[in-house]
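Undergrad: One structure follows; several queries about it will come next.
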Amino acid sequence: MATADGVMAERLVLDGDEVASVLEGRFYTPRNDAPRDRPSRTAEKPAHYKVICISLYTRDLEKLDGMVDGLKARGLTKANRSALIRWALEQVDLDKVPRGL
């Protein structure tokens, strides 16, 4: 948005020296300096879970999402795909799994 004299409103809000200071301290630090707000690369990763990638047919994904929506409609506000899959894993009886899986 421009003011009457053509000066951009951003220039009225942002002090040039302040912006340069922030950029120097955040974006233009030497590569070997770790940013202050990020954990170091040697930080321990959680061992109680792993993020994985699985493939699902779109119709199965639609069914899963529908089930999650149904649980949320019943008041289970924390229901999500992962939680429903974890619950389903607990219900599986390997003796009842069909051979043609």
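Undergrad: If we count other beta carbons within 10 Å of each Cβ, what is the order of Asp69, Asp17, Asp95, fewest first? Intermediate values should be presented prior to the final figure.
TA: On the way: Asp69 11, Asp17 8, Asp95 5.
Lowest count first: Asp95, Asp17, Asp69.
Undergrad: With each label point set 7 Å from Cα along the Cα-Cβ vector, what nm distance links Tyr49 and Arg86?
TA: The modelled label-to-label distance comes out at 0.5 nm.
Undergrad: Would you list, by chain and number, the lysines whose Cα falls below 24 Å from the Cα of Lys96, excluding same-chain residues fewer than 8 positions away?
TA: Answer for Lys96, where 24 Å is the Cα cut-off: Lys63, listed by chain and number.
Undergrad: Just rank Ser55, Ser82, fewest to most, by other beta-carbon atoms within 10 angstrom.
TA: Working: Ser55 6, Ser82 12.
In increasing order of surrounding Cβ atoms, one gets Ser55, Ser82.
Read-outs: derived from the displayed coordinates by stated rules, not from any lab. In this text, all values refer to a predicted model and were calculated from it rather than measured experimentally. So basically every Cβ, Gly included, is an ideal-geometry build from the backbone, and we count neighbours across all protein chains shown.
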